[in-house]
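The values are calculated or read from the model by the stated rules, or taken from the named source; none is laboratory data. Given the structure is predicted, the values throughout are model-derived calculations rather than measurements. In this analysis, Cβ positions are derived from the backbone assuming ideal geometry, glycine residues included, and neighbour counts consider all displayed protein chains. Heads up: the accessible areas ignore ligands, DNA and RNA and are worked out on the full protein's heavy atoms, side chains in. Shrake-Rupley method; radii C 1.70, N 1.55, O 1.52, S 1.80 Å.
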Amino acid sequence: EQVLEGAKRMEEIPVPIEKRDHRIVAFVVEDNSMYPRLIEGDIVYVNLDLIPEVGDIVVAQIEGLGIVIRILKAKPKNGKGRWVFRSWDDLMYPDIVVEPNKVIAVAPQIFVKHASLSKRLR
C-alpha cells in the first residue's frame with residue numbers, strides 16, 4: 001500500500017462518514033505557501049485512490065523535498081515529461097519541476113478543515 005510519508009491515518013484525524021469508504025489520509029499544513037487558500041494549521045484530506053488531474057490541489061511526496069501541497073500544473077503523459085507543481089503565489093514560491101522518477105506519490109486534495117478563524121485573520 002502506497003501511503004504518503006507523514007500522513008495521519010483516518011483514526012487519528014476524524015473523517016466525515018460519507019468519505020470513509022476511501023483510502024483517505026490527512027496532513028496538517030505547516031506553512032503559508034498556499035495562502036489564502038490554505039494556511040498553517042489547516043488539515044488537508046487526500047484520497048489515495050483518486051488520480052490527480054491538472055488544476056487539482058495535490059499533496060505530493062517528492063524525493064529530496066519531502067511533502068509539498070501545490071496546484072498540479074502539468075503531469076507526465078505516458079511516462080514522458082515532468083511533473084510541474086505551482087504554489088498559490090507564483091511570485092513568492094516558484095514552480096517545482098520534477099522528473100517522474102523523483103515523484104514518489106501524488107494524491108488530490110478532497111476537502112479541508114480550516115484552522116480557527118482567529119488564526120486565519122493573523
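Looking at the structure I just gave you, is E99 modelled with pLDDT of 90 or more and farther than 25 Å from A115 by Cα? The answer is yes for E99. When P100, P108 are checked against the criterion of being of a type outside the set (V, I, T) and open to solvent by less than 40 Å² (accessible area, probe 1.4 Å), P108 stands alone in meeting it.
Determine, yes or no, whether L121 is modelled with pLDDT under 85 and more than 22 Å from F27 (Cβ to Cβ). Judged against the criteria, L121 is a match.
A single member of E30, E53 is in contact (Cβ under 8 Å) with a residue 12 or more places away in the chain, in a loop (DSSP other than H, G, I, E, B), among the acidic types (D, E) and open to solvent by 50 Å² or more (accessible area, probe 1.4 Å), and it is E53.
Take the conditions closer than 23 Å to A115 by Cα and without any contact (Cβ under 8 Å) to a residue 24 or more places away in the chain and apply them to R82. Does it pass?
Answer is no for this residue.
Could we say that I57 is over 17 Å from P36 (Cα atoms) and either of a type in the set (V, I, T) or in contact with a Cys (Cβ under 8 Å, 6 or more places away or on another chain) (or both) here? For I57, the condition - over 17 Å from P36 (Cα atoms) and either of a type in the set (V, I, T) or in contact with a Cys (Cβ under 8 Å, 6 or more places away or on another chain) (or both) - is not met.
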